[in-house]
Each structure stands twice: as C-alpha cells, then as structure tokens.
Amino acid sequence: MTPVELLPGFERMLEVCRKYGLALYQEPPVSFTPVAGEPVAGLPCDPHLSAVLTRVSTLGLPEGFFLLPGKAEDGFDLRGVNEEWRRDWPEPFGSLLVFAKEQALAYYLATVPSLADEQGIQPVVWVDTYEDLYALPIASSVDRFFDTYSHSLERQVERLNFPWDVPDLVGRDTSLVKLLRSGRFDFLMETCQEAREWVGKVLAAST
C-alpha cells in the first residue's frame, strides 16, 4: 500500500475502540467512493478521506462524530451535504469540504481545500454553526485527526469536550502547529475570540 492508504491514525482509532469496548458503528464501503482530487460538490476530495471511504461507507461513535457516507438512499451523503453547505454558508466557510458531523449537534468536521499541501492533503477544522460561525484548526490531515481523536477517547473517563479540552493533543501535530504559527487559519476564526485563545493554548502546549 502507498503511504496515504496506510492511515495509521485511522487504524489507531479502531484499535482504541476495540481495546476499550467502545461501540463503533460501521458500514462496509459502497461502490461509489470519491477518488482523491475528484470534485465533491465542486471541491477536490482529500486523499485521506478517499482512502477511508474505500474501507467504510460510514462510521460513528455514540455521543461522538459520524463520518458522512459516500452515498446514502435519503440523500444525506458526502456529496449531498456539501451541495447544501455551499448554498447555506458564506465564504470562506462555503469552501470547506464537510466530511463528518457530531451526533445530534450542529458541529461539523471539514477539510480546508485551499490549504492543501503538494500531495493534495488537506488540514481539518471543527466548525461551530450555532451562532458566530467559526472553525477550530484541529489536525494537519484527516488521518492525523483520527490519531488525535483516538488519544482523546483514551481520556474519555474524564468526560472531555473535544476539541476544546485537548489543546495539548492537538499541539502534538507539528505540521498543524506550523500552519497555525504562520496564521494560515486566521480567516476562519476572525469572529471568535475564544477560538483564538484556544489556538494560543495549542501553541503553548506545542513548545
């Protein structure tokens, strides 16, 4: 397998769920899987996300996030949700590629195609759509998100609020920290002082 197909962070999350007996809902992959770089509602699909969807069509944790399926009968799928997202949200948020949602809450996970690296790999943000629309940068890639989330799950006995309560885990992602220090995500946090303060904690934890 190529490096992008190995997905060690994704594998670690699956292993943590098995180790701690966490109920992880999974469905097998479907025939439709967006290819890396292929447009999804007008934006290129992230390579890691494409690789994950070749293994599962969706997965999720109770009281956690669930991955949007590559295809669904009711239209609530990766392409359909992103088409609606483009219509509903202004820029720069309209140009995020949404790939997951927190259960029963208006919090989403999305990649940032405009910040893709030379391999097309896109960083990940956590998006709050309740009041003041803003996004927290939480990982330098989809696979790194799974790795950070798996470490957060290991602390679940403390009832942590992801990602707010784990700036130290996010700060382990050196590639993301480099982007944060250069201000690459500032355009997604301009309206939220709390988000900017959280980023300060991530940067402090990274030193």
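The values are calculated or read from the model by the stated rules, or taken from the named source; none is laboratory data. If you're wondering where the values come from, they're calculated on a predicted model, not measured in any experiment. Cβ sites come from the backbone with ideal geometry, for glycine too, and all protein chains shown count toward neighbours. Keep in mind that these areas ignore ligands, DNA and RNA; they rest on the heavy atoms of the full protein, side chains included. Shrake-Rupley method; radii C 1.70, N 1.55, O 1.52, S 1.80 Å.
For the reader, a short list of remarks on this structure follows.
- Members of the range 100-112 found to be under 19 Å from Ser50 (Cβ atoms) and either of a type in the set (Val, Ile, Thr) or open to solvent by 20 Å² or more (accessible area, probe 1.4 Å) (or both), listed by number: Lys101, Tyr108, Thr111, Val112
- Per-region count, the range 20-43, residues among the β-branched types (Val, Ile, Thr) and open to solvent by 70 Å² or more (accessible area, probe 1.4 Å): 1
- Total residues in the range 115-135 satisfying the condition of being hydrophobic (A, V, I, L, M, F, W, C), surrounded by 21 or more Cβ atoms within 10 Å (Cβ to Cβ) and part of a loop (DSSP other than H, G, I, E, B): the figure is 1.
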